[in-house]
Amino acid sequence: MSAQAESRQDVGVTETFGDSLPNGTQLLHGQYEITQFLNAGGFGITYLAQDSLDRTVVIKECFPATMCRRADKDVRVRSRSNEREFESIVRLFGQEARALAKLDHPNIVGVHQVFEDNHTAYMALDLVKGRDLLDIIDEEPERLGPPEIRALLTKILDAVAYIHNEGVLHRDISPDNILLSESGEPVLIDFGAAREEATRKSRILTAQNTVKDGYSPQEFYISGSKQTNASDLYALAATFYHLITGEAPPISQARLAAVAEERQDPFVPLSGRFNRYDRFFLAALDRALEIFPKDRLQSAEDWLTEIDAERRRQAAQSKAQTDEKMQESIQKLVIETNRQVEEAQTKAVAPPPKAKKTPKPVEPKPMFPELMEAPPPVKPKPKLTPTSELEQKPADATKPAETPLVPLTDQTAADAAAAAAHIKKVVLEGGSTPRKRLLTRVLSVSLWRHSQGDDGQQATIAGKVDP
Ligand SMILES: Nc1ncnc2c1ncn2[C@@H]1O[C@H](COP(=O)(O)OP(=O)(O)OP(=O)(O)O)[C@@H](O)[C@H]1O
Ligand SMILES: [Mg+2]
């Protein structure tokens, strides 16, 4: 938060800032009139304004202070060499505002209008009467106890799940970017993706504008690193860590450095320290605050499930049902595969042409006998028909003949694909060893099949699959 933070509307003090528009300034041909300066960040200036219907709104003006200045009402670049960069920032600001305007959620600030004036871009936002969480932490921390904090998190998680489903990352979740309305509704403001993109493209803007120590995950400090939903979740968890403990977590860069140097992570987990919160609630926050994105909670929905007993119960139930269905699919896959292997072996095994003794026929072995419901098939006595290939290359009677490749039916292939997806999950999530072993075997069938290309009919599987 900048030094101008005290000039917020709840404090009721009208301050100005060197480059801010004076009160009474008209925007968009008189549709808006500035009534109060609120704040100046590195990227924009925020004001209160009256609209043409006499409603109070918040106006954000694109004003990247390092490269522009005010000339009368207009925003001008400080140097001609900044012109192109400035234009691209104004464009990004407008794009982001329009993306934000498409969002419709009770816990995300509403956008009235996006427009250009004074050689820059503006957005008019719903006024949220209230204070931001940082002010509340600083000035009235007793206002938020465990039940309130829990309710706030649930609502913000719902908003974050919504934006992520819309393909939008917030990129700047922090206590000063969550407003708490007078009626107690948390509202997410100040999306930071445009700032981040502008900083990446600009030589003049500094990365300082886009990271917030304590709240930004370590990947935000590394230019060009991948930013995912889990990045927003880290920042959200850091915000709530601050609400619960009274302090933001250690800077994520320092945490990463400690781990890289095999020192202890300076982060102190919440679990076991605050007995007024249930253990699932604290454990989920700790998980969202893992240093490495892959170790974190991956979606706001998963997080909501972790902290709600009813959702946890439903998730466990649906997992059990999926497992049951998957067992059926695997069972079908196994029976079908074994049948095909058996059939093919019966057809393909040939006696070596010069062998005096009749070679022992190869015993078709089910690949997955442990999964067969019926007793293993009775040892067949196939009539051996030489194939041209085997005539050229006599089989070694002491070894089982190499099992020929067998076409997979479409249904089996589909089962295999489904099994592969499920198995990956089970193997990643853990599970009993026999189950993993079995699943890994089925997976190898599936993967082999996929490695043969996607032409279902032509796909074949190797007769022998090692565990
Ligand atoms: N819709 C709103 N309703 C009420 N107050 C708001 C609203 N939007 C912003 N504010 C107030 O203005 C302050 C600054 O706004 P905002 O967080 O959008 O920008 P910033 O952080 O100053 O700037 P930058 O975009 O450069 O980071 C907020 O902390 C909040 O107090
Ligand atoms: Mg802000």
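The values are calculated or read from the model by the stated rules, or taken from the named source; none is laboratory data. Just so you know, these numbers come straight off a predicted model, no measurement behind them. So basically every Cβ, Gly included, is an ideal-geometry build from the backbone, and we count neighbours across all protein chains shown.
Conditions first: (1) surrounded by fewer than 22 Cβ atoms within 10 Å (Cβ to Cβ); (2) within 15 Å of ligand 1 (Cβ to nearest atom). H170 passes all but one, so which condition is the exception?
Unmet for H170, out of (1) surrounded by fewer than 22 Cβ atoms within 10 Å (Cβ to Cβ); (2) within 15 Å of ligand 1 (Cβ to nearest atom): (1).
For every residue, the table says whether it meets (1) under 30 Å from S183 (Cβ atoms); (2) of a type outside the set (S, T, N, Q); (3) touching a residue at least 40 places away in the same chain (Cβ under 8 Å).
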position	(1), (2), (3)
F43	yes, yes, yes
S52	yes, no, no
R69	no, yes, yes
E96	yes, yes, yes
I108	yes, yes, yes
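Would you point out the residue of segment 112-126, among those that are over 19 Å from K155 (Cβ atoms), of a type in the set (A, V, I, L, M, F, W, C) and surrounded by 19 or more Cβ atoms within 10 Å (Cβ to Cβ), that is nearest to ligand 2 (Cβ to nearest atom)?
Within segment 112-126, the match that is nearest to ligand 2 (Cβ to nearest atom) is M123.
Let's see how each residue does on (1) within 16 Å of ligand 2 (Cβ to nearest atom); (2) modelled with pLDDT of 95 or more; (3) in a loop (DSSP other than H, G, I, E, B):
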site	(1), (2), (3)
G30	no, yes, yes
I34	no, yes, no
F37	yes, yes, no
G42	yes, no, yes
Y47	yes, yes, no
Q50	no, yes, no
I59	yes, yes, no
A65	yes, no, yes
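With the structure loaded, tell me whether C62 is away from ligand 1 (no atom under 11 Å from the Cβ) and in contact with a strand residue (DSSP E or B) (Cβ under 9 Å, 6 or more places away or on another chain) or whether it fails that test. Steps first, please.
On the way: away from ligand 1 (no atom under 11 Å from the Cβ): no; in contact with a strand residue (DSSP E or B) (Cβ under 9 Å, 6 or more places away or on another chain): yes.
For C62, the condition - away from ligand 1 (no atom under 11 Å from the Cβ) and in contact with a strand residue (DSSP E or B) (Cβ under 9 Å, 6 or more places away or on another chain) - is not met.
One residue is enough: does segment 311-320 have a residue meeting the conditions closer than 28 Å to T228 by Cα, assigned to a loop (DSSP other than H, G, I, E, B) and either assigned by TED's automatic domain parsing to the domain that holds R150 or within 22 Å of the chain's Cα centre (by Cα) (or both)? Spell out how you get there, then give the answer.
Applying the first criterion (closer than 28 Å to T228 by Cα) to segment 311-320 yields 311-316, 318-319.
Right, trim to assigned to a loop (DSSP other than H, G, I, E, B) and you get none.
No, segment 311-320 contains no residue that is closer than 28 Å to T228 by Cα, assigned to a loop (DSSP other than H, G, I, E, B) and either assigned by TED's automatic domain parsing to the domain that holds R150 or within 22 Å of the chain's Cα centre (by Cα) (or both).
Pull out all pairs, ordered by first then second residue, where Cβ-Cβ is under 6 Å, the residues are six or more apart or on different chains, the first lies in segment 275-289 and is charged (D, E, K, R), and the second is crowded, with 20+ Cβ neighbours inside 10 Å and not in a helix (DSSP H, G or I).
D286/L270; R287/L297
Let me confirm something: among A124, A99, which residue is within 14 Å of ligand 1 (Cβ to nearest atom) and not hydroxyl-bearing (S, T, Y)?
Details: A99 fails: within 14 Å of ligand 1 (Cβ to nearest atom).
Sole residue among the options that is within 14 Å of ligand 1 (Cβ to nearest atom) and not hydroxyl-bearing (S, T, Y): A124.
Let's see how each residue does on (1) within 16 Å of ligand 2 (Cβ to nearest atom); (2) within 28 Å of F86 (Cβ to Cβ); (3) surrounded by 22 or more Cβ atoms within 10 Å (Cβ to Cβ); (4) modelled with pLDDT of 75 or more:
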residue: I178; (1), (2), (3), (4): yes, no, yes, yes
residue: G184; (1), (2), (3), (4): no, no, no, yes
residue: L188; (1), (2), (3), (4): yes, yes, yes, yes
residue: T206; (1), (2), (3), (4): no, yes, no, no
